[in-house]
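Taken together, the values in this text are just the output of simple stated rules run on the coordinates, not laboratory data. Please read these numbers as outputs of a predicted model, since none were measured by experiment. Cβ atoms come from the backbone with ideal geometry, glycine included; neighbour counts cover every protein chain shown.
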Amino acid sequence: MLADDILKKLTFGVKKPVKGKKVVDAKKAAEKELRLRIVPDDVKRVLREEVTEEKKTMEEEEESDSDNDSFTILTGSKLTTEVDEKKKAKRKRRAGGNTAEHRQMMIARLRRVNRMFSWGDDIPEPIIDWTDLPEMLERIRSNLSASGIVDPSPIQMQAIPMMMRRRNVLASAPTGSGKTLAFSLPLILDVLKYRSTAAATDEVAPAAAAPAPPKKKKAKLGGSAKEQQKIKDQPEVGGQKDRVLAIVLEPTRELAKQTYRQILKFAEGVDVTCALLEEGEKMEERSDIIVSTPNRLVHRLAAGKMDLTALRWLVVDESDRLFDNTEGDEKCFRNQLAAIYKACDASKEVRRAFFSATFSYEVEEWCKENLQNVAMLCIGDRNSSSTSVSQQLVFTGSEQGKIVALRDLLFTKFEPPAIVFVQSKERARQLMAAISGWATNVPTTLITSEKTAEQREAALQAFRAGRAWVLVCTEIMGRGLDLPAVNLIVNFDLPASIVSYIHRVGRTGRGGRSGRAITYFTEHDMAMVRPIANVISQAGFEVPPYTLLLKAPSKKDKKRALKHAPRRNHVAFLQKSRGQKFGLKRREGGEKKEKERKDGDKGEKKEKRIKK
């Protein structure tokens, strides 16, 4: 094992304390390296050169000479040793230094400068250009160029060769570093390779020899339960069951739509079909790649409308979110993923790939226990926030203080577009009403789980087109969505975890751009603010010193924060369609009526005592 590999394993995940602006600038430069590849000229030269027959002959001569030297009279003497070393050095210079050992040193250097941390058995060499992929088509390369993608990013340099070797993969990289292409391109190339292999097989076995398909008959009810299940499991004729080659799982509908559009863009003009599973919409007869949320796919599988016997890939994007089990049994992503994982066992050729911006220890341990021949990859520091985003932690005292701070921000230092995150849909409605009340010149839109798919899509389109400057939303928009123009992130409510904070902040500063993130906290957040303060401080930004000295929350507190959002005072009141007001004033009115009722009861009891 090389010394660089040993040092890499020993120091993986270690974060050094940062002080001063120079260190912050250096970390920002390093952060950009995670999104843009770095290939030193000497490394590129060595990796591009092939070991010629002449160089191989020189290496063989070197080995032969070393064997012959063992029979000389002066073997082991100082003179003989010096002569041998000079011969070896001369031969290495003549060979250009491109021995197998030297090549491995250059590969280790390439990984080091691009901050690639990989472990597992037989990790393939990273690519440095699209030409390094023999399966790459010119049409796909032109599609990438049309999307502004000329060279692979660090995550793509290493993850694509891993998947092309058909390895089970667990990969993590910062937000905006190109994870979607890192798994989409191998899926497209693998489907094309599978199609060409199947076509060659069909040529060997003529179609005339194949028996004619039986006529489709309507299955009759009756018979044993075993026979009914057997009939149900048989593939239906005429495309009734979709034979799928790859499945991509996304945690939200918005992220699924975005990934679906990206795959269509990358695969334009090639023989690969992709479908998005949506409620009430029919799929094409042949869909090679399926993009879906876990819940929608579980329903499709339960209906028996999908054939997974030829499945080759199951890709889980935002894997740490899909391993979450804090939403109850019915909506638990973990239970849905377990059902999908079991259904994928119908194929003997299936491989799994897990991608995320955060490297969850839970997902890592699960992959080690359940996947064979897994290759793991992490780009940059483990579970760290983006240093290309200027981050602030602001104490506001109370909920009303948040409103004052947000109003001042929108009126004085506002650079649209901006995303404002809150902890619940009720809070989102309240904040939307508040902003609409005192910032009429700032167009604002809202996205929560209550909105229909059409309403969410309309809000996103308005935000992307610039018709809306502020997007108020819940955690549903905190992951994966590529909104490259976002300049500002406001965590109006403190995130429930470090992972949530990293994903929220990752909505800005994408693709090498800079951004800004502000996080508000109040007196009620003191028990949970220290982990967030640590992440911001480790990224090189100043935080209130006392936040780093607060007591760290226990595991029990962290789980409670994930399951149940903290209770907070209302920030505004809303108007119902019938004119009934609710919110802060409704609660105050309810308390007043309750007090009057109790006072009335006391008066009646007093009168009864007087009468007695």
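The spacing between the range 295-314 and the range 426-450, judged by their C-alpha centroids, is 39 Å. When the alpha carbon gyration tensor of the range 346-490 is reduced to an equivalent ellipsoid, its three semi-axes come out at 36, 19, 15 angstrom, largest first. Taking 26 Å as the limit for the C-alpha separation, the pairs Lys402/Lys555; Lys179/Lys556; Lys257/Lys451; Lys451/Lys563 exceed it in the case of Lys402/Lys555; Lys179/Lys556.
Going 7 Å from the Cα of Ser554 in the Cα-to-Cβ direction, what parts of the range 491-510 have a backbone nitrogen less than 20 Å from that spot? The answer is 496-498, whose backbone nitrogens lie closer than 20 Å to the label point.
Cβ-Cβ distance of Ala565 and Phe411, R₀ of 30 Å, FRET efficiency by 1/(1 + (r/R0)^6): the value works out to about 0.60.
A simple spin-label model places the labels of Arg243 and Val404 6.8 nm from each other, with each point 7 Å out along Cα-to-Cβ. Considering the range 502-576 at the alpha-carbon level, its Rg and Dmax are found to be 15.2, 46 Å. Averaging the sequence gap over all C-alpha pairs within less than 8 Å and six or more residues apart, then dividing by the number of residues, gives the range 389-574 a relative contact order of 32 percent. Taking packing as the residue-averaged number of other Cβ atoms within 10 angstrom, the listed peptides 525-538, 155-168 run from highest to lowest as 155-168, 525-538. A Förster distance of 25 Å, applied to the separation of the beta-carbon atoms of Thr440 and Glu523, puts the FRET efficiency at 0.20. Here's the picture: charge each Lys and Arg Cβ at +1 and each Asp and Glu Cβ at -1 in the range 321-477, and of Ala375, Leu446, Thr474 the one pushed furthest to the positive end of that dipole is Leu446. Spin-label pair His102-Asp482: with each label point 7 Å from Cα along the Cα-Cβ axis, the two points sit 3.9 nm from one another. Counted residue by residue at 0.36 nm each, then reduced by the alpha carbon distance between them, the extension gain from Trp366 to Phe395 reaches 6.6 nm. Most tightly packed first, judged by the mean number of other beta-carbon atoms within 10 Å of their residues, the peptides 300-313, 180-193, 454-467 read 180-193, 300-313, 454-467. A simple charge model with +1 on the Cβ of Lys and Arg, -1 on the Cβ of Asp and Glu and nothing else charged puts the dipole of the range 343-458 at about 260 debye relative to its Cα centre. Applying 0.36 nm per residue to the separation of Asp271 and Arg464 and subtracting their alpha-carbon distance, the gain on full extension is 66.4 nm.
The equivalent ellipsoid that matches the C-alpha gyration tensor of the range 389-574 spans semi-axes of 25, 18, 17 angstrom, in descending order.
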